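Comments concern the structure below.
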Amino acid sequence: MKKMIWLFSIVLLVSSCSVSKDARGKRNLLSGTWTLNDVSFEGNTGNVKAVLFNDVEDICLEGSEWFFRDNNSTGRYKINQSTFCTGGDRYIRWSVVEREENYTSQLQFKFINEKNQDISGGAGYRLNIENLTESNMTLKSNVMVEGAPINVVYQFSKK
């Protein structure tokens, strides 16, 4: 009887930690190198300048290269150096999260260092996965600008 209870406990633990089939599929599609082609704003008629991910202005993210490694959930994005942008690699730990309330998936990430150690105190970012194919990806995040909600739209293409 004790063996049966112990076996049931292990099965329950493994099944509760597993990733859904849909999330696994999205992780596989995300794996690889992507170029962030465009950052735009929905829900605002004026010019918007935003610091995204508490890192750089939106213009600096355009043309950035993103790499997602699915076997250990690490990756990076690389900002090109310019007059307005501090270039270099930003290392991340990422995952795909299934949201039950509206059945959407989200890409979540937090910043880590080159040794894969958390440098953000556990804080991170979540972006809604609006579209994900083998060659294109659209992510959205909801932000407040001057007290009004807008969506930041990120358009990627796979290399």
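Throughout, read-outs are computed from the coordinates displayed, never taken from laboratory work. As the structure is a prediction and not an experimental result, all values here were calculated from the model. Every residue, glycine as well, gets a Cβ built from its backbone with ideal geometry; the counts of neighbours run over all protein chains shown.
Among the listed pairs Lys78/Lys110; Lys26/Lys115; Lys115/Lys158; Lys21/Lys159; Lys49/Lys158, which have their C-alpha atoms separated by more than 23 angstrom in this model? Please report the intermediate quantities before stating the final value.
Details: Lys78/Lys110 15 Å; Lys26/Lys115 26 Å; Lys115/Lys158 26 Å; Lys21/Lys159 25 Å; Lys49/Lys158 26 Å.
The pairs that break the limit, which is 23 Å between Cα atoms, are Lys26/Lys115; Lys115/Lys158; Lys21/Lys159; Lys49/Lys158.
Rank the residues Leu30, Leu52 as a footprinting-exposure proxy: fewest other Cβ atoms within 10 Å of their Cβ go first. Spell out each step's value before the answer.
Details: Leu30 22, Leu52 17.
Listed from fewest to most nearby Cβ atoms, that is Leu52, Leu30.
When the Cα atoms of the chain are aligned to their principal axes, the ranges along those axes come out at 68, 35, 32 Å in descending order.
On C-alpha positions alone, give me the angle between the axis of helix 21-30 and the longest principal axis of the chain, in degrees, nearest 10. Around 40 degrees separate the two axes. By the count of neighbouring beta-carbon atoms within 10 Å, fewest first, Tyr154, Tyr91 end up ordered Tyr91, Tyr154.
Need the C-alpha centroid separation for segment 39-80 versus segment 96-157, integer Å. So the two Cα centres are separated by 10 Å.
Neighbour counts of other C-beta atoms within 10 Å: give me Arg27, Arg69 arranged from fewest to most.
Working: Arg27 19, Arg69 13.
Sorted ascending by nearby Cβ count, the order is Arg69, Arg27.
Placing a label point 7 Å from the Cα of Gln108 along the Cα-to-Cβ line, the residues of segment 129-148 whose backbone N sits under 15 Å from it are 129. To the nearest ten degrees, helix 2-17 and the longest principal axis of the Cα atoms of the chain are 10 degrees apart. Relative to the current alpha-carbon distance between Asp38 and Ala50, full extension at 0.36 nm per residue lengthens the span by 2.9 nm. Computed from point charges on the beta carbon alone (+1 for Lys and Arg, -1 for Asp and Glu), the dipole magnitude for segment 33-77 about its Cα centre is near 140 Debye. Only the Cβ atoms of Lys and Arg (+1) and of Asp and Glu (-1) were treated as charged; on that basis the dipole of segment 42-159 about its Cα centre amounts to roughly 340 debye. Each of the GluC sites (Glu not before Pro) that DSSP puts in a loop and that has at most 12 other Cβ atoms within 10 Å breaks the chain; the longest unbroken stretch is 1-99.
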